[in-house]
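Written below as structure tokens is the structure these notes are about.
Please treat every number below as a calculation from the coordinates, not as lab data. As the structure is a prediction and not an experimental result, all values here were calculated from the model. No Cβ is skipped: glycine too gets one built from the backbone with ideal geometry, and neighbour counts run over all protein chains shown.
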Amino acid sequence: MDQRSEHIQQWIDTYSDTLLNSALFLLSDRQDAEDIVQNVFISAFESYHSFQGRSSVKTWLMAILKNKVAEFYRKKYRQTGNIPLENYFDSEGSWKYDDVLQDWNEKDDNLLDNSDFNRVMAECMDKLPLKWLIPVKLYYLEEKKAASVCQETGVTTTNLWKILQRSRMQLRECLEFNWFNIS
Amino acid sequence: MISQAMIKQLIHILVMPCKQATLLIEQQNAGEIPFFQKIRLRLHLMICKWCSAYNRKVHAMESMMKKIFTQDAPKKFSKNELELFKDKLKDKLK
């Protein structure tokens, strides 16, 4: 076995775990996750010679994964509801409606044990526009390190805050409509 | 002497629009909010019941998101699945 194959075999052993679970988080589907991670390793195998150890192996593989995920989303998903902030705020920047005042009636600690709620949550996440969804998921995947999310997605920090703000507005609305029965 | 106009101005600076406060909430959560903005946000949340209700929901969503990613089963690949995947792939890339 040449050095390239040897390295790739090692990397498969070391990084499959991280890559698969990251992919699963980003894609929410096991088969898609397996397919995409397999493609990551194939890409790594093919472009092995262009990897010159400038970053760590893990960083490099994760970067390939993120590209593949973005590509996957571009192909597979439609652009969905892109709700402008004007839906929530008037021209003065004040809340338009009072629905935000109604508290959620359930303890959030236990909500995630409920598989129905989990499904609603996942559906609401997937309704976010693609160009927000990846930064948002990465933000949680990278344990809220804004700088690295920005670096990987090419989004500016200012825009990342805006994306998080808008996604949050949309997620709240979706959860309240589909679960908490607030409208 | 502090004039009426200055007081008004001061309130305007401190009490920012909700649209901006909700943006600062995100920065606050990421631990990347500048000091002065942090104080403005705190003041805003003290007097604005809308944003403070919203803030509570943001916190609830935050702990859900965190839990979704840290919870083990069944969202993660099992040891068996992992080994199977590795073997299959290693075979392919020999």
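Using Cβ point charges alone (K and R +1, D and E -1), the dipole size of chain A about the Cα centre works out to roughly 760 debye.
Cysteines of chain A lacking any other cysteine Cβ under 4.7 Å from their own Cβ: A:Cys150.
Qualifying trypsin sites (Lys or Arg not before Pro) in segment A:105-183, where qualification requires a DSSP coil assignment and no more than 10 other C-beta atoms within 10 Å, comprise A:Lys107. Could you work out how far helix A:30-46 tilts from the main Cα principal axis of chain A, as a 0 to 90 degree angle to the nearest 10? Value to nearest ten degrees: 40.
Which FRET efficiency value, to the nearest 0.05, do you get for A:Ala63 and A:Glu143 by plugging their Cβ-Cβ distance into 1/(1 + (r/R0)^6) with R0 = 22 Å?
0.80
With 32 Å as the limit, write out which pairs from A:Lys127/B:Lys92; B:Lys66/B:Lys86; A:Lys131/B:Lys67; A:Lys66/B:Lys49; A:Lys66/B:Lys88; A:Lys68/A:Lys127 have Cα-Cα distances beyond it, or answer none. Beyond 32 Å between Cα atoms: A:Lys127/B:Lys92; A:Lys66/B:Lys49. Helix A:130-141 and the longest principal axis of the C-alpha atoms of chain A enclose an angle of approximately 70°.
Would you please name the trypsin sites (Lys or Arg not before Pro) within segment A:1-77 that are DSSP coil residues with at most 14 other C-beta atoms within 10 Å of their C-beta? Sites meeting the loop and neighbour criteria: A:Arg54.
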